[in-house]
1. Which members of the range 40-68 meet the condition of being under 22 Å from G125 (Cβ atoms) and surrounded by fewer than 19 Cβ atoms within 10 Å (Cβ to Cβ)?
2. Applying the selection to the range 149-167, what residues are of a type outside the set (K, R), out of contact with any strand residue (DSSP E or B) (no Cβ under 9 Å at 6 or more places or on another chain) and over 22 Å from G122 (Cα atoms)?
3. Go through the range 14-27 and give me each residue that's surrounded by 23 or more Cβ atoms within 10 Å (Cβ to Cβ) and touching an Asp or Glu at 6+ places or on another chain (Cβ under 9 Å).
4. Since S11 meets every condition but one in (1) within 16 Å of the ligand (Cβ to nearest atom); (2) more than 24 Å from S194 (Cβ to Cβ); (3) open to solvent by less than 60 Å² (accessible area, probe 1.4 Å); (4) more than 16 Å from the chain's Cα centre (by Cα), which condition does it not meet?
5. Kindly check whether there is at least one residue in the range 179-196 that is surrounded by fewer than 19 Cβ atoms within 10 Å (Cβ to Cβ), at pLDDT below 95 and not in a loop (DSSP other than H, G, I, E, B).
6. Could we say that V188 is in contact (Cβ under 8 Å) with a residue 24 or more places away in the chain, within 13 Å of the ligand (Cβ to nearest atom) and out of contact with any helix residue (DSSP H, G or I) (no Cβ under 8 Å at 6 or more places or on another chain) here?
7. How about the range 59-157: which helices (runs of 4 or more DSSP H) wholly inside it have at least 2 residues that are away from the ligand (no atom under 16 Å from the Cβ) and modelled with pLDDT of 95 or more?
8. In the set V147, V128, which member is open to solvent by less than 40 Å² (accessible area, probe 1.4 Å) and touching a Pro at 6+ places or on another chain (Cβ under 8 Å)?
Amino acid sequence: MKPKNIVVFASGTGSNFKALHKATLKKEVPARITALISDNPDAGALKYARENDIRGLVLSPKDFDKPAAYEDELRKILEWESPNLIVLAGYLKKIPDEIVDLYKRRIVNIHPALLPKYGGKGWYGMRVHRAVIENREKESGCTVHYVTRTYDEGPVIAQVKVPVRVDDTAESLAARVLKQEHLLYPKVVRFLLSHN
Ligand code: GRF
């Protein structure tokens, strides 16, 4: 069987990327992460990629004259990497529509809330957890979904719930959710790769 390839996109720390990479090394996810693409040259994810023999690329729309030039470059990189699955792990830029259409049902994202709640443009990071606490929700969690043309609106693949405690801060809730993300994302990737 041909080995499966994954390309990860991340803008920040990349703890989900690291969890997925570790799962590939342990063969829990039978695939290889061939590249990490980031819009942020200072991303922890990029540093980790370079230290772990994963091709690390910085690609940001702002470095191109026209959106079409950026999309073209991204398309060429992906053609070369030929991923079975594209995994967004804390990636803050929007994936261009052209790429979303080309890789239909092959791009997934993880979101730190129970979508459709607290999703959409501008809903990311601590904002999400702060709002969950302010609204006195009883539970939160994380969602893995397919990426479509609209932020956080693609079909949900899996969710894990966590309780919101009365004494939670946004930080303590974020940590509880993130722990579940690191368990859920590799499992979902494994499942999807076995079906594609
Ligand atoms: C995670 O909470 C994920 O749900 C969201 O961005 C965060 C990324 O964290 N999309 P990390 O960079 O993987 O640590």
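The values are calculated or read from the model by the stated rules, or taken from the named source; none is laboratory data. Everything quoted here is computed from the prediction, not taken from an experiment. Cβ placement follows ideal geometry from the backbone for every residue including glycine, while neighbour counts extend to all protein chains displayed. The accessibility values were calculated without ligands, DNA or RNA, using every heavy atom of the protein model including side chains. Shrake-Rupley method; radii C 1.70, N 1.55, O 1.52, S 1.80 Å.
1. N40, P41, D42, G44, K47, V58, L59, S60, P61, K62
2. Result: V166, D167.
3. N16 - this is the single residue of the range 14-27 that is surrounded by 23 or more Cβ atoms within 10 Å (Cβ to Cβ) and touching an Asp or Glu at 6+ places or on another chain (Cβ under 9 Å).
4. Tallying (1) within 16 Å of the ligand (Cβ to nearest atom); (2) more than 24 Å from S194 (Cβ to Cβ); (3) open to solvent by less than 60 Å² (accessible area, probe 1.4 Å); (4) more than 16 Å from the chain's Cα centre (by Cα), S11 fails exactly one: (4).
5. yes
6. Working: in contact (Cβ under 8 Å) with a residue 24 or more places away in the chain: yes; within 13 Å of the ligand (Cβ to nearest atom): yes; out of contact with any helix residue (DSSP H, G or I) (no Cβ under 8 Å at 6 or more places or on another chain): yes.
Against the criterion (in contact (Cβ under 8 Å) with a residue 24 or more places away in the chain, within 13 Å of the ligand (Cβ to nearest atom) and out of contact with any helix residue (DSSP H, G or I) (no Cβ under 8 Å at 6 or more places or on another chain)), V188 qualifies.
7. Working: elements: 67-81, 97-102, 125-134.
The helices (runs of 4 or more DSSP H) meeting that bar are 67-81, 97-102.
8. On the way: V147 fails: touching a Pro at 6+ places or on another chain (Cβ under 8 Å).
After ruling out the rest, the residue left standing is V128.
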